[in-house]
Amino acid sequence: MPFHLSLEVAFRRQACVVAVCLASAGAAPAVAQSVPSPLHNKSVVLSWNEYRVQRGDDGHMSRSNTGSRFVVYVSSAGRMFSSFARQNPKSGRTNKSELAPDGNTGVSGVGQGQRTMRFEGNQMVSENAMRSGARRVEATFNASFTSCALRVLYGKEGGANQYHRAMNGKMYTIISTDVTGATCSIRPGNLVGGS
């Protein structure tokens, strides 16, 4: 089973535990589709905070707080361009990744994994791979695509622990992640690379 499909099942299982189960764990994932026209020439702006407990390879337990800002611009042709920036306010460390429709990426800082972008029904979905496991970002739109709600989930691959490289360059096993302050808004024009 391809990596993103196996994680799809894991995300669905986790969603049943931490939120409302939207689909059964055994259900086939939705097929990616074109971006709905009401979102053309608009930006979807997502933001949230992550409070994480993690264990370093040396056994040391630590806590971190990271703010995330994820902006997706849909061109007039329905092509998606995205920018994902993260910052730890305590250490000041940051990282950023940009993804073009053709798959080309640009990364700065440490700790950004490979990302994907697609639409599934009324949801815009992005998956961000870790060394093991992944983050799934879901923006769910109303019927007219004039408002949206954000949900951020974490999935394990084949039951393995979530394992990632943090912004300090060290490897950690994630024990828990709490997401707070999740917001989603739709704005006119291209805000990728801007505020």
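The values are calculated or read from the model by the stated rules, or taken from the named source; none is laboratory data. Here the structure is a predicted model, which is why all the values come from computation and not from measurement. Cβ atoms come from the backbone with ideal geometry, glycine included; neighbour counts cover every protein chain shown.
Taken together, the residues in the range 159-182 that are of a type in the set (S, T, Y) and exposed (fewer than 12 other Cβ atoms within 10 Å of the Cβ) amount to 2. Considered as a group, the residues in the range 35-49 that are more than 19 Å from the chain's Cα centre (by Cα) and among the polar types (S, T, N, Q) include one that is nearest to S64 (Cα to Cα), and that residue is N41. Of all residues in the range 97-145, those satisfying the criterion of being at pLDDT 90 or above, among the small types (G, A, S) and under 10 Å from the mean Cα position of the chain (by Cα) are S126, A139.
Condition first: among the hydroxyl-bearing types (S, T, Y) and either surrounded by fewer than 18 Cβ atoms within 10 Å (Cβ to Cβ) or farther than 20 Å from I175 by Cβ (or both). Now tell me which residues in the range 36-93 satisfy that. Across the range 36-93, the qualifying residues are S37, S43, S47, Y51, S62, Y73, S75, S76, S82, S83, S91.
Conditions (1) of a type in the set (D, E, K, R); (2) under 17 Å from F119 (Cα atoms); (3) modelled with pLDDT of 90 or more, marked per residue:
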| position | (1), (2), (3) |
| --- | --- |
| V20 | no, no, no |
| S24 | no, no, no |
| A32 | no, yes, no |
| P38 | no, yes, yes |
| D57 | yes, no, yes |
| R69 | yes, no, yes |
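Just to be sure I understand, how many residues within the range 142-158 are closer than 25 Å to Q114 by Cβ and surrounded by 14 or more Cβ atoms within 10 Å (Cβ to Cβ)? Qualifying residue count, the range 142-158: 9.
Could you pull out the residue among R135, R93 that is without any contact (Cβ under 8 Å) to a residue 24 or more places away in the chain, charged (D, E, K, R) and closer than 25 Å to R55 by Cα? R135 is the lone residue from the list that is without any contact (Cβ under 8 Å) to a residue 24 or more places away in the chain, charged (D, E, K, R) and closer than 25 Å to R55 by Cα. Restricting K170, K156 to those that are over 15 Å from T66 (Cα atoms), modelled with pLDDT under 95 and touching a helix residue (DSSP H, G or I) at 6+ places or on another chain (Cβ under 9 Å) reduces the list to K156.
In summary, I186 fulfils each of the numbered conditions (1) modelled with pLDDT of 95 or more; (2) over 18 Å from V72 (Cβ atoms); (3) part of a strand (DSSP E or B); (4) more than 16 Å from the chain's Cα centre (by Cα) with the single exception of condition (2).
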